[in-house]
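Report on one structure; see the data block that follows.
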Amino acid sequence: MYAGGGSGAVARGLQGVQVAAIEGRAGWLVRNAVVDQLGAEKSGVAPRYRLDIRLDDKLEGFALLSDDTIGRERRTLRARYQLVDMSNNEIVLDATAGSDAGIDVVSSDYATIAAEQTALENMSKDVATRIVTAVALRLRGDTKQ
């Protein structure tokens, strides 16, 4: 897939992907991770594609303890993304990616909030990697002719 290294067809294709802004903290984290992995903003290549990403970030409590407190949380991050060819506004890839994490709720609110934020940061990187991999596979298909 990455034949030719940074000058290969897929690498050049990835550099031509512009990532639209995404709402919220999770959106900021995912967008930055995607942009870093694409290498698009540093390349100076004119964008050929636009990547639109919509996120659904949920934090749910479960594992109710005997004192009616929550003992565990589950954080899920789901992304629906579309790769759009900017020359004709055709959607060339429409897919989803997701990640989830379990979080122990401890007596320290600070520790619980820190664990929730760390989980979000890790899931954002995971979702970004899944998105970039799918885009690269799609672009690889475009380069085989």
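Testing SER107 on (1) over 13 Å from ARG72 (Cα atoms); (2) at pLDDT below 95; (3) surrounded by fewer than 14 Cβ atoms within 10 Å (Cβ to Cβ), one condition comes back false. Which one is that? Condition not satisfied by SER107: (1). Scanning the stretch 2-41 for residues that are outside any loop (DSSP other than H, G, I, E, B), modelled with pLDDT of 90 or more and among the β-branched types (Val, Ile, Thr) yields VAL17, VAL19, VAL30, VAL34, VAL35. The residue list ARG48, ARG78, ARG74 contains one member that is within 23 Å of GLY13 (Cα to Cα) and either exposed (fewer than 15 other Cβ atoms within 10 Å of the Cβ) or among the charged types (D, E, K, R) (or both), which is ARG48.
Going by the structure shown, is ALA79 assigned to a helix (DSSP H, G or I) and in contact (Cβ under 8 Å) with a residue 12 or more places away in the chain? So ALA79 does not fit the description; no.
When ARG31, ARG54 are screened for being open to solvent by 80 Å² or more (accessible area, probe 1.4 Å) and of a type in the set (Lys, Arg), only ARG54 passes. Selection of the stretch 89-119 for residues being more than 21 Å from the chain's Cα centre (by Cα) and under 17 Å from ARG138 (Cα atoms) yields ASN89, GLU90. Total residues in the stretch 82-115 satisfying the condition of being touching a helix residue (DSSP H, G or I) at 6+ places or on another chain (Cβ under 8 Å) and in a strand (DSSP E or B): the figure is 11. VAL92 fulfils the conditions (1) open to solvent by 80 Å² or more (accessible area, probe 1.4 Å); (2) in contact (Cβ under 8 Å) with a residue 40 or more places away in the chain except for a single criterion, (1).
Outside any strand (DSSP E or B) and either under 22 Å from the mean Cα position of the chain (by Cα) or of a type in the set (D, E, K, R) (or both): does that describe ASN122? In short, yes. Could we say that ILE131 is open to solvent by less than 50 Å² (accessible area, probe 1.4 Å) and assigned to a strand (DSSP E or B) here? In short, no.
Residue pairs whose Cβ atoms lie under 8 Å apart, sitting 6 or more positions apart in sequence or on different chains, and linking a residue in the stretch 10-23 that is basic (Lys, Arg) to a partner that is open to solvent by 50 Å² or more (accessible area, probe 1.4 Å), are ARG12/VAL45.
The values are calculated or read from the model by the stated rules, or taken from the named source; none is laboratory data. Since this is a predicted model, take the numbers as computed values, not measurements. Positions of Cβ are generated from backbone atoms using ideal geometry, with glycine treated the same way; all protein chains shown enter the neighbour counts. To get the accessible areas, we keep the full protein, side chains included, count just its heavy atoms, and leave off ligands, DNA and RNA. Shrake-Rupley method; radii C 1.70, N 1.55, O 1.52, S 1.80 Å.
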